[in-house]
Amino acid sequence: MPEAPNYLIQKNLVEDSVMVVSPHPLASEIGRDILRAGGNAIDAAVAVQYAIAVVYPRAGNLGGGGFMVIRQANGENAAIDYREKAPSKASRDMYLDSLGNVIPDLSTEGHLAAGVPGTVSGLIAVHEKYGKLDLRQLIEPAIKLAAEGFSITETEASRLNRFQEAFQKYNGPDCPFVKGNWQAGEVLKQTKLAQTLERIRDQGKAGFYAGPTAEAILTEMQQGNGIISLEDLQGYEARWRTPLVRPYKDYQVISMPPSSSGGVALLQMLEMIEPYPISTYGFHSVEAVHLMAEIERRVYADRAEHLGDTDFFDVPIDTLLSKNYLTNRMADFSPDSATVSASIHAGNFTIGLESFETTHTSVVDLEGNAVSVTTTLNSNFGSKVWVDEGGFFLNNEMDDFSVKPGVPNQFGLVGAEANAIAPNKRMLSSMTPTIIEKNGDLFMVLGSPGGSTIITAVFQVFINVAEFGMSLDQAVNVKRFHHQWLPDQILMEEGTLDTATQEALAAKGHQFHEVGAIAVVKAIQKLPDGRLQGVGDARNADDDAKGF
Ligand code: DON
């Protein structure tokens, strides 16, 4: 029997100069080594992304997409959107039957669930603009891990085992992930993936969106009746976006604009909570939970109606973030009773059945440049479709569109026109890579996996530090709750609230639903003495901080 790997996992680390927090110790180590070799935070983030694609196949993603927020030491910031987009043959009702009903699983599993991958385009673009080291140096460690193999952790083995049936169903027995039983400590070698990474190393974007890798994706599409075309691949472009920046007291919060809803929603929550003396209410007090849940309810209602890809839909971002509008949104807030979310659908809430698999990485370098990057395949192993000759899984991000108005997706999120499917449109995300300044200086870098719960987790971790006076490790590891308008309930981790608090909230009209875990935050805080504290969430055994 193989022995479980003995990776050094550091959940809470304080170092003088640099920090990387990622979902896997081998990836964090690579990021730290790049910083040691003179790379900047962008170089480290890029190297970590390629490494995660190898050591974290359930969410690492050459076949997916993501968002990156950058704050340079001089205070300048940037954001890049490399979210997947709908194939050009996609259409609004593609997941509905002739009666207009949603066909089960079609947007979540199999070839039609995949959007056009954006990761490689994003990583190449960000490196071209900000990188210091040669791309070869950043990608070589990932190639080595793929070619020589690495020892899988307990968590990885259990995920691989859980999805054996789906791997078999969509890929047949030849997929190297199909195997009776994976055990921690077994060596996972990914020869095809190593070859794809080599092509990216040698040809940049063309190493993925043209030539053998593109052909491998197209072959896969033909075999499974998928619709991603060569034009879709060749036409994919990551987009630079202007980060959303808003003050909260002495802080300045920098976050991701659409096609993620994360930044708008987070900044709405902060603007709405600012007038209330939340710190005097106390952590997880009846007053605090009620107020935060009521804020979250309103914000997710806005998300469902107004947010979508700004290249296709006119999202009124300035209005949504204006003080006036948000003050009005809270006009019907009552400290005594919960507002009823006029329920149009019960919201078939499956979150918690599948664990949270998206990747977040936070990095701060020697000069104080910071990167916050969240990327995903959406579900565990995305669509479960493995591109044979490319060596990677394709995402199932199409499910993040509103496949039918009012019908909840796998996270229970509803949407309408703003997030309806259209050819080449990006599906709305909840990913919230965020960087926070305090009095003009870098203060915090954070983000998380967790689907719809990402936004509330980032909100709560920041409030825990800024208002409830917690240290970063406490703030990340204390229990969390979440309200997303529909379904009309407070989702909470087991043991979040004591009975009396829960009863008092129930008396106000709140309902509850318990889940195992809400989001998995990876964060860095610059401490008053200038040192960096890196925290990986205890909710993922493999979350790890490395620095020096
Ligand atoms: O973009 C989004 O919001 C989702 N596709 C993220 C998925 C995720 O975090 C998976 N974890 N539950």
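Whose amide H sits under 5 Å from the amide H of Gln10, counting only residues 5 or more places off or on another chain, with H placed in the peptide plane?
When sequence neighbours closer than 5 places are left aside, the close amide H contacts are Ala545.
Net charge near Asn181, counting Lys/Arg +1 and Asp/Glu -1 over other residues with Cβ under 15 Å of its Cβ?
Here the count lands on -1.
In nm, to one decimal, how far is the Thr501 label point from the Lys323 one, both placed 7 Å along Cα→Cβ?
The modelled label-to-label distance comes out at 3.1 nm.
For segment 67-74, what does the Karplus curve 6.51 cos²θ - 1.76 cosθ + 1.60, with θ = phi - 60°, yield as ³J(HN,Hα) per residue in whole Hz, taken in order and with x for Gly and Pro?
9, 10, 10, 10, 10, 7, 4, 7
Between Asn225 and Lys189, what is 0.36 nm times their sequence separation minus the Cα-Cα distance? Round to one decimal in nm.
10.1 nm
Please label the shape of segment 1-125 as rounded, prolate or oblate, based on the square roots a ≥ b ≥ c of the eigenvalues of the alpha-carbon gyration tensor (a/c under 1.5 means rounded; beyond that, a/b larger than b/c means prolate, else oblate).
Verdict is oblate for segment 1-125.
What list of ³J(HN,Hα) values in whole Hz, one per residue of segment 375-386 in order, does the Karplus curve 6.51 cos²θ - 1.76 cosθ + 1.60 (θ = phi - 60°) give from phi, with Gly and Pro shown as x?
Computed from phi, the couplings for segment 375-386 are 9, 7, 9, 5, 6, 3, 6, x, 7, 6, 8, 9 Hz.
I'd like the antiparallel share, as a percent to the nearest 5, of DSSP beta bridges with both residues in the chain.
Close to 90 percent.
Based on alpha-carbon centroids, what's the gap between segment 188-242 and segment 379-418 in Å, whole number please?
Spelled out, the Cα-based centre of one part sits 18 Å from the other.
Roughly how big is the chain's charge dipole about its Cα centre, with Cβ charges of +1 (Lys, Arg) and -1 (Asp, Glu), in debye to the nearest 20?
With only Lys, Arg, Asp and Glu charged at Cβ, the dipole is about 460 debye.
With a 1.4 Å probe and all protein chains kept in place, how much accessible area does Tyr7 have, in Å² rounded to the nearest 10?
Accessible surface of Tyr7 is approximately 60 Å².
So how compact is segment 30-96: Cα radius of gyration and Dmax in angstrom?
For segment 30-96, the Cα radius of gyration and maximum Cα-Cα distance read 16.2, 52 Å.
Which of rounded, prolate, oblate describes segment 390-491, given a ≥ b ≥ c as roots of the alpha-carbon gyration tensor eigenvalues and a/c under 1.5 marking rounded, otherwise prolate only if a/b is larger than b/c?
Judged from the Cα gyration tensor, segment 390-491 comes out prolate (a/c at least 1.5, a/b above b/c).
In whole angstrom, how far apart do the alpha carbon centroids of segment 104-124 and segment 61-90 sit?
14 Å
Would you mind estimating how fast the chain diffuses translationally, via Stokes-Einstein at 10 °C and 1.306 mPa s with the Kirkwood radius over Cα pairs, in µm²/s?
Once the numbers are plugged in, D ends up at 69 µm²/s.
Could you derive backbone 3J(HN,Hα) for segment 102-107 from the dihedral phi with the Karplus parameters 6.51, -1.76 and 1.60 (θ = phi - 60°), listing whole Hz in sequence and x where the residue is Gly or Pro?
So the Karplus estimates, Gly and Pro as x, are 5, 7, x, 6, 5, 8 Hz.
Can you give the local net charge around Gln195? Use residues other than it whose beta-carbon is closer than 11 angstrom to its beta-carbon, Lys and Arg +1, Asp and Glu -1.
Net charge in that neighbourhood comes out at 0.
How fast does segment 408-548 diffuse by Stokes-Einstein, in µm²/s, taking the Kirkwood radius from C-alpha pairs at 20 °C and 1.002 mPa s?
Values: Rh = 16.8 Å.
Translational diffusion coefficient: 128 µm²/s.
Could you give the length gained on full extension between Ser471 and Ala73, defined as 0.36 nm per residue of separation minus the Cα-Cα distance, in nm?
140.9 nm
At a 1.4 Å probe radius, carbon and sulfur cover how many percent of the accessible area of segment 127-268?
Values: 2830 of 6100 Å².
Answer for segment 127-268 is 46 percent, counting heavy atoms of protein chains only.
Give the long-range amide H neighbours of His513: residues separated by 5 or more places, or on another chain, with amide H under 5 Å away, using H modelled in the peptide plane at 1.01 Å from N.
Ile490, Leu491, Met492
Using only protein heavy atoms and a 1.4 Å probe, report how much of Phe283 is accessible, in Å² to the nearest 10.
Rounded to the nearest 10, the figure is 80 Å².
Note down the accessible area of Asp529, probe 1.4 Å, to the nearest 10 Å².
100 Å²
The values are calculated or read from the model by the stated rules, or taken from the named source; none is laboratory data. The structure displayed is predicted, hence computed values, not measured ones. Glycine also receives a Cβ, built like all others from the backbone with ideal geometry; neighbour counts cover every protein chain displayed. Each accessible area value is taken on the protein alone, full model and side chains, heavy atoms only, with ligands, DNA and RNA left out. Shrake-Rupley method; radii C 1.70, N 1.55, O 1.52, S 1.80 Å.
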